[in-house]
Structure formats: C-alpha cells, structure tokens
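Heads up: the structure comes next, in structure tokens.
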Amino acid sequence: MSNDTRDIFSGLKARKPQYVLGTKNGDIRTSNVTEEKILDAIDDIEDNGCVYLEKCVPVVLVSDAKAYSIDYFKDSSIAVCFMVNGYMLRMWRSDVDCDMAADIMCDFFRTASLPDMTGWHCQKIHPEQEKAETKLCVDGEDFRYFGSQDVVIALDNIIEGKSQWMLYDFTNGDGGYVNIRRYDKDTALATGYKVEYVRWSEPLPIGYRGVIFDVGLLRSWLWSLIDDERLPDPMDECEQFDVNNYFERLVFRFLDEDKK
C-alpha cells in the first residue's frame with residue numbers, strides 16, 4: 001500500500017462550501033473567508049458601505065429558486081439574494097444592527113442557513129451593468145432575439161400542445177413577468193392555462209394568478225401586454241396574491257424540508 005496520503009481527502013475538500021467575502025468599496029474581495037474576517041468587515045460597515053457574503057454554489061431552495069448571497073448595508077438593512085426562474089430577487093429588512101447581521105452572515109457561512117424572513121420585503125434586483133430588456137423562455141430554452149409575434153407564437157405552441165410553458169419578462173412600467181403553463185389536470189374540462197402575472201411595482205410588487213380556459217381572451221390579453229404602453233389589468237379569472245408571502249413560503253418550504 002502506498003504511503004502517499006496527499007489526495008486521500010481531496011473529495012471531502014472539494015465538497016467544502018466555498019464563499020466570497022466582499023465590500024462595496026472594493027477594499028475586500030477574498031475567497032479565503034473566516035468568521036473573523038466577516039466580523040471585521042461588518043464592524044467597518046461605515047467605511048465599507050456594504051458587505052456581501054456570496055456562496056459560490058448557491059443554496060437550492062425549491063424548484064428553480066436558489067439563494068446565493070447575503071448583503072449588509074451601512075443603512076442597517078440586510079438582504080438575502082435569490083435566483084428564481086432566471087430572475088434576481090432579494091428579500092430585505094431594515095433596522096438590523098451589526099450584531100444581528102454578524103449572526104445571520106456567520107450562520108450562512110457555517111451551515112448555509114438562512115434567517116427567518118417573515119415580514120421581509122421582496123424586490124427585484126437590477127444589476128448596475130444590466131440593461132433592462134424583454135426576455136422569453138419556452139420549456140427552459142432562452143430566446144435572445146425575438147419579436148412580439150414570437151411571444152404570441154410561443155403561446156400558440158402551448159395551446160397546440162407543442163410546448164408546456166413560457167416565461168415572458170417585460171419592461172413596461174417597473175417591469176415584471178408573465179408565466180403561462182398548460183393545465184391538463186382535469187380531463188373533464190377543456191384544457192386550461194395557468195397564468196401568473198407579476199409587476200415589480202414600488203414599494204410592493206403585485207401578483208395575480210388564475211386558470212384561463214378562453215384561449216381567445218388569453219391571446220388578446222397577451223397582445224395588449226406586449227404592444228400597449230400601459231400595462232393591462234389582470235384578467236377577471238385571476239386573483240391577486242401576495243408576492244412577498246410567496247417568496248417567504250419558498251424559504252419556509254426549504255427550511256421545513258431541511259429539518260427532515
């Protein structure tokens with residue numbers, strides 16, 4: 001047997017969570033993260049402006065939701081940042097002192113744990129270098145170049161059974177998205193289409209959900225969303241839902257599953 005033990009634990013080392021610690025002013029950006037460095041960065045929050053702890057391999061919550069960073073700001077607000085269906089979102093709250101921020105960020109560093117976000121606010125993140133643009137995704141495939149007719153064709157393909165779902169990210173107003181999915185669960189009824197319509201309005205996002213059976217109505221409504229400068233009202237079949245609460249429940253589902 002070889003006495004060379006250099007690589008015996010390489011697999012364990014490779015699975016060790018990796019993080020990046022950074023600050024807004026750029027004085028710190030390191031992957032050699034320790035709790036002491038996190039505490040020092042938070043103690044100097046006035047000079048740093050913002051401290052972020054980013055997990056290189058995001059924490060998978062449920063479905064397409066992943067938590068990738070916790071950011072603390074000198075105005076005493078803190079945010080947990082997510083990727084959800086290709087969107088960058090954050091849950092945030094204010095009035096967080098340095099001690100609480102240190103506890104939250106160190107827990108994230110030690111065990112990838114997320115804080116209780118009951119009552120926190122949900123907000124879409126607009127990266128400074130990112131220009132707002134419309135986006136279209138069909139059955140997980142992103143389309144970079146498309147026009148208004150392509151969006152409606154994507155809906156027609158769902159109606160004809162060629163596709164299962166589409167996600168259209170619009171920039172009108174404060175921006176938002178519409179998610180349309182084919183719904184064949186109840187074979188006694190005609191095929192329905194689950195619609196989720198969210199506007200990233202300030203200070204609170206607004207969301208609507210419903211199942212639509214009238215394809216003519218759905219197609220006409222989608223056209224108005226694409227072509228009109230004014231965002232259309234939700235269809236009568238849709239009911240408003242609490243977008244903040246929706247993302248809270250995503251996190252709670254993750255925490256509940258993590259305890260099992």
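The values are calculated or read from the model by the stated rules, or taken from the named source; none is laboratory data. Since this is a predicted model, take the numbers as computed values, not measurements. Virtual Cβ from ideal backbone geometry, glycine too; neighbours counted across all protein chains shown.
For this structure, a couple of remarks:
- Applying a threshold of 6 Å to beta carbon distances and a minimum spacing of six or more residues, or different chains, the list of pairs starting in segment 135-154 at a residue that is surrounded by fewer than 16 Cβ atoms within 10 Å (Cβ to Cβ) and ending at one that is in a helix (DSSP H, G or I) and at pLDDT 85 or above reads SER148/ILE226.
- Residue count for segment 190-209, restricted to those that are free of Cβ contacts under 8 Å to residues at least 40 places away in the same chain and either among the acidic types (Asp, Glu) or crowded, with 19+ Cβ neighbours inside 10 Å (or both): 7.
- Selection status of GLY192, modelled with pLDDT under 90 and over 24 Å from the mean Cα position of the chain (by Cα): no
- Members of segment 155-177 found to be within 21 Å of THR191 (Cα to Cα), out of contact with any helix residue (DSSP H, G or I) (no Cβ under 9 Å at 6 or more places or on another chain) and not in a strand (DSSP E or B), listed by number: ASN157, ILE158, GLU160, GLY161
- Of all residues in segment 1-29 being in a loop (DSSP other than H, G, I, E, B) and closer than 15 Å to SER69 by Cα, the one that is modelled with the highest pLDDT: LYS24
- Qualifying positions in segment 191-220 - assigned to a strand (DSSP E or B) and of a type in the set (Asp, Glu): GLU196
- Boolean, ASP214 is at negative phi and not assigned by TED's automatic domain parsing to the domain that holds ARG90: yes
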